[in-house]
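The numbers here are math on the coordinates, done by the rules we state, and not lab data. Just so it is clear, the model here is predicted, and its values are computed rather than measured. For neighbour counting, all protein chains shown are included, and Cβ atoms are generated from backbone atoms with ideal geometry for every residue, glycine included.
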Amino acid sequence: MNKMKTIAFYAGLYQDCFAYNLLAGSSVKKPEDPIFLDIGCYDPLFRNNTFLFEELGWRGFCFDIRNCEQEFSFSKFRTTPFVQMDTTSIDFTRLLKQHALTVAGVEFISLDVDEASLSTLDRLLDANVRFKCMCFEHDYLRIGELLRSPSREKLHSEGYEMLFPDISFSHQPTGLRFAGNFFEDWWIDPSFFPD
C-alpha cells in the first residue's frame, strides 16, 4: 500500500500551495537543484511563503529590509540564508549575479516589499533572472494602480503570463469576496509548462 506524503502549507493565502502544485507536485520536469527567492520574507515561519520549499530540500535566499534575524531569530528556525538588504539597490543585483541566479534560473519568487516591489522587479529583470512562477504583491487594495499596471506591463513584455490576476481575500466572517480587495498577481513563465 502506498502512503501519500502529507504536505503542510504555511503561507497566509496559499502562495506556497500555488507554487508547489505547479512545480513540486506537478508533472513538470523537476529541476535538479531548485531555487527560491523570498523577497520581503519577514517572519521565518508564520505565514511564510517559502518555508515549505526549504523543508522539501530546495535552496534559496530570504530577503528583507528589516533585521529579521534580530526580530525573529531567523537562523534559529531556517537554514536558508537571511539577507538584510534593500532589494532596490545595486547590491541586490550583484548578489543575484554572484550566486549565478541569472544563469541557473529560479523556480519560485515571492515578491512583497510594499511600494518597493516595482523597483525590486526592475532589479530582477535587469539582472536577467528568469523564474518559473512568482507571487507579486501589487497591493491594489491599498495603493491602487501604482504597482499593478506597471508590473503587468513589465512582466508581459518579458514573456511571462499572468495565471491568476487580482488575488483577493476577505476577513469577513461570512467569507464574502468584496470587489477591490485585490492584492496580488500570480505569474508563470509559460515556456516551462506543457500546454
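Quick notes on this one:
- Computed lengthening from E153 to T6, 0.36 nm per intervening residue step minus Cα-Cα distance: 49.1 nm
- Seen from I143, the other residues with C-beta closer than 9 Å to its C-beta sum to a net charge of -2, counting Lys and Arg as +1 and Asp and Glu as -1.
- ³J(HN,Hα) computed for each position of segment 55-65 - Karplus, 6.51 cos²θ - 1.76 cosθ + 1.60, integer Hz, glycine/proline x: 4, 7, x, 6, 10, x, 9, 10, 10, 7, 6
- The mean of 1/r over all pairs of different alpha-carbon atoms in the chain, once inverted, gives a Kirkwood hydrodynamic radius of 17.2 Å.
- Furthest towards positive pole of dipole, S89, F53, S117, structure part the chain, Cβ charges: F53
- Estimated dipole of the chain in Debye, rounded to 20 [Cβ of Lys and Arg +1, of Asp and Glu -1, Cα centre]: 580 debye
- FRET efficiency, Q70 to S119 (Cβ-Cβ, R0 25 Å, nearest 0.05): 0.50
- Gained length - E161 relative to A127, 0.36 nm times residue gap less alpha-carbon distance: 10.3 nm
- Here the 3J(HN,Hα) profile of segment 151-165, calculated from phi with Karplus coefficients 6.51, -1.76 and 1.60 at θ = phi - 60°, is 5, 5, 4, 4, 5, 4, 5, 8, x, 7, 10, 7, 6, 9, x Hz, Gly and Pro shown as x.
- Listed residues F183, F36, F164, most fluctuating in the chain (Gaussian network, C-alpha, under 10 Å): F164
- In this structure, L45 and Q84 have a Cβ-Cβ separation that, at R0 = 25 Å, corresponds to a calculated FRET efficiency of about 0.90.
- Förster radius 41 Å - calculated FRET efficiency between E145 and R59, Cβ distance, rounded to 0.05: 0.70
- Helix-only arithmetic for the chain: the sum of -39500 (n - 2.57) across DSSP H runs with n ≥ 4, divided by the residue total, places the mean residue ellipticity at 222 nm at -8000 deg cm²/dmol.
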